[in-house]
Amino acid sequence: MGNKPNPLVKQSLLPQGAFDFFMLAEQMPDGVVIHKAEQVLFANVVAASMSGEESGAVLTQRPFLSLFHHDSRPTVENMAHALLQAPEQLQPMEMKWLHRGTKTLPVEITMARCQIGEELVLISLIRNISQRKEAEERILHQANYDALTGLPNRALFLDRLQHELTRAKRSRSRVALMFIDLDRFKWVNDTLGHAAGDQLLREASARLLSCHRESDTVARLGGDEFTVILPDMAHGPHAERVAAQILKVLAEPFILSGQEAFISGSVGVTIFPDDGQELDELLRNADSAMYYAKNDGRNAYRFFTPDMQAEALEKVALEKDLHRAMERNEMVVHYQPIFDLQNDRLVGAEGFMRWLHPKRGFISPEIFIPMAEEVGIIATMTEWMLRVGCSQAQQWRTLKHHEDFFVSLNLSCTRCRELSTDDKIPEILRSTGLPPTALVLEITENILSEDKARAMTMLEHLRRLGVNLWLDDFGTGYSSLSVLKRLPVSGVKIDRAFVPEVTRDPETGLLVDAIMTLAKSMKRKVIGEGVESLEQKEYLRSRGCDYAQGYLFGRPMTYEDFGEFLAKHNVGEPTRVP
Ligand code: C2E
Ligand code: CA
Ligand code: CA
């Protein structure tokens, strides 16, 4: 073979040298094109096949720029001109290459100039980057789309919403934003399992997509929350129609794990620019409106109104204050006496938490307890309340010698996982000195709604300690009878919603009688709450109700007032009750 002249740069274009160079170029995995500004002098087989041709010779009959999609031509032309003017190091650039004149391939082009003999030519290395692009797109897709449903995720949704708002501002058009929440997703997940939950989400997203135009965005925000952007809304009932359609498709039965399940949705709608200008504001609005739809009995849609906003803002402000309420000693416990109906003796008291807000005065526990659950401070609050309640009750027991006096305290049950009260309670009892038998904890059937097994373990543990459990708000839930059988409770409270009716409404009378009979047959004590008249008291007593409380006997009062009340009604001694 001997020494072959180096065919590459800065040599004259000898036939032998050129031949060697072409051989080399044909071996390259990338496309190689030697060209001038316009004319193709040589193209290897890879470049040819990228263009959909058999051989490079075909390409030499075409202008260089025609190999590229017209979007890329100006840049390629500029690169070539720049290089021909002066030797420069150009960065590789991404361009579109034409395949058979129609399809485009993403390529990366590296262009260099070289002198071949007298001629100044350009060498372009063309790398097909389709695979890399696909991988990039896959990663991008994953970052922007929800893997389960294939819908845009929160990140892409926010991006699109911003984009639509900017566009709508320019074109003075309207955009509707909807939040959609499935009403029974948690139930499906808990009872039919996660696979059924996933199936529900996929099916629901397909149904949502069926309600929409191409230009709308349907996205999954996470969990069972979906959202829809309707751009270019005309005035008129378009958003209403879409919302009604969404409710309709979600109300059709779903087949999950072979079972028919009925799921509905709640939809909140807000309109740009009518309800708000900014993205954050619109998101808040749609969320408030959805919350209202849910509260209004579900399977409903609600349009945002300004009073929803006022309420939402007020809630945010209160939540902020609630975080500091404990540190600032704004919480107190009030006590309401409980009487034994059979002998008119004062036997104990129920403790209720009260929040004395510096500006708003007393705030009802019905407002701040759910809030404390939501913001995650219910456990701290409950622990505080138990400590105060137990210690004050023990003071009355010892100082005033009311040895049989008990205190009944409310446990918030919707988030009992966070409570871990079962290991706190023995410590609280020890440090306050209150005997476990002098403590009643009032629970509701909600306690079984989250982690049943854990809740039962906790309740059994408390029972073994000697603590009494009463089932509160009995008769207001759904599965009361079966719950009563399962829970280790020693007492049942008849809800204050029923008591005023017992003497007025025969139906309620029958219901209360039934509860009483049932409880008695299971050897549970019965406690009537909300007793406001002698007539009601007498009704309950005659049916065998054990204890009662209510405004008739005394309203919830401060620690000091209750101390005085106790002094007048010695525990264990019959008192003249109204
Ligand atoms: P609940 O446990 O069913 O409490 C009974 C409610 O009825 C109390 O309202 C009480 O003040 C009120 N009440 C008492 N007697 C009468 C009466 O004769 N007539 C009428 N109409 N009402 C009467 P309150 O104190 O506003 O508490 C409301 C709810 O807040 C309670 O319902 C309970 O679920 C919750 N709660 C109160 N304190 C606490 C607490 O310390 N922890 C937890 N987790 N929840 C609490
Ligand atoms: Ca209660
Ligand atoms: Ca109650």
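The values are calculated or read from the model by the stated rules, or taken from the named source; none is laboratory data. Keep in mind it's a predicted model, so treat the numbers as computed, not measured. Cβ atoms come from the backbone with ideal geometry, glycine included; neighbour counts cover every protein chain shown. The accessibility values were calculated without ligands, DNA or RNA, using every heavy atom of the protein model including side chains. Shrake-Rupley method; radii C 1.70, N 1.55, O 1.52, S 1.80 Å.
A few points about this structure:
Listed here are the residues, each with its yes/no results for (1) assigned to a loop (DSSP other than H, G, I, E, B); (2) of a type in the set (Gly, Ala, Ser).
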| residue | (1), (2) |
| --- | --- |
| Leu511 | no, no |
| Ala519 | no, yes |
| Val531 | yes, no |
| Glu535 | no, no |
| Tyr539 | no, no |
| Gly544 | yes, yes |
| Phe553 | yes, no |
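- Positions within the range 208-225 being polar (S, T, N, Q) and within 22 Å of Asp198 (Cα to Cα), in sequence order: Ser210, Thr217
- Flag if Ser210 is farther than 28 Å from Asp159 by Cβ, in contact (Cβ under 8 Å) with a residue 12 or more places away in the chain and hydroxyl-bearing (Ser, Thr, Tyr): no
- For the range 254-279, taking the residues that are at pLDDT below 90 and polar (S, T, N, Q), the one that is least open to solvent (accessible area, probe 1.4 Å) is identified as Ser264.
- Hits in the range 421-449 - residues which are of a type in the set (D, E, K, R), within 16 Å of ligand 1 (Cβ to nearest atom) and either open to solvent by 60 Å² or more (accessible area, probe 1.4 Å) or on the phi > 0 side of the Ramachandran plot (or both): Lys424
- Residue in the range 541-572 that is farthest from ligand 1 (Cβ to nearest atom), counting only those that are touching a strand residue (DSSP E or B) at 6+ places or on another chain (Cβ under 8 Å) and of a type in the set (Gly, Ala, Ser): Gly572
- Any hit, the range 337-348, residues being of a type in the set (Val, Ile, Thr), within 16 Å of ligand 3 (Cβ to nearest atom), modelled with pLDDT of 90 or more and out of contact with any helix residue (DSSP H, G or I) (no Cβ under 9 Å at 6 or more places or on another chain): yes
- Hey, Ala519 more than 16 Å from ligand 3 (Cβ to nearest atom) and aliphatic (A, V, I, L, M) or not: no
- Residues of the range 199-216 that are out of contact with any strand residue (DSSP E or B) (no Cβ under 7 Å at 6 or more places or on another chain), at pLDDT 95 or above and open to solvent by 40 Å² or more (accessible area, probe 1.4 Å): Arg202, Ala206.
- Inter-residue pairs, beta-carbon under 7 Å, first more than 16 Å from ligand 3 (Cβ to nearest atom) and in the range 364-393, second open to solvent by 40 Å² or more (accessible area, probe 1.4 Å) and outside any helix (DSSP H, G or I), 6+ apart: Glu373/Thr414; Glu373/Arg415; Ile378/Arg415; Thr380/Met326; Met381/Met326; Trp384/Met326
- Where Met456 falls short, out of the listed (1) more than 16 Å from ligand 3 (Cβ to nearest atom); (2) more than 35 Å from the chain's Cα centre (by Cα); (3) among the aliphatic types (A, V, I, L, M): (2)
- Residue that is farthest from the chain's Cα centre (by Cα), among those in the range 126-147 that are in contact (Cβ under 8 Å) with a residue 40 or more places away in the chain and open to solvent by 60 Å² or more (accessible area, probe 1.4 Å): Arg127
- In the range 484-504, residue farthest from Leu441 (Cα to Cα) [restricted to those that are open to solvent by 20 Å² or more (accessible area, probe 1.4 Å), assigned to a helix (DSSP H, G or I) and within 13 Å of ligand 1 (Cβ to nearest atom)]: Glu501
- Among the residues of the range 449-483, the one identified as more than 16 Å from ligand 2 (Cβ to nearest atom), part of a loop (DSSP other than H, G, I, E, B) and at pLDDT 85 or above is Gly466.
- Selection from the range 161-176 of residues that are open to solvent by 80 Å² or more (accessible area, probe 1.4 Å) and on the phi < 0 side of the Ramachandran plot: Gln162, His163, Arg167, Lys169, Arg170
- Subset tally (residues that are in contact with a Ser or Thr (Cβ under 9 Å, 6 or more places away or on another chain) and crowded, with 18+ Cβ neighbours inside 10 Å) for the range 46-67: 5
- The residue that is farthest from ligand 2 (Cβ to nearest atom), counting only those in the range 386-410 that are in a loop (DSSP other than H, G, I, E, B) and buried (at least 16 other Cβ atoms within 10 Å of the Cβ), is His402.
- Test: Asn446 is within 16 Å of ligand 3 (Cβ to nearest atom), modelled with pLDDT of 85 or more and not hydrophobic (A, V, I, L, M, F, W, C): no
- Screening the range 280-338 for residues that are at negative phi and of a type in the set (Lys, Arg) and picking the one that is surrounded by the most Cβ atoms within 10 Å (Cβ to Cβ) gives Arg302.
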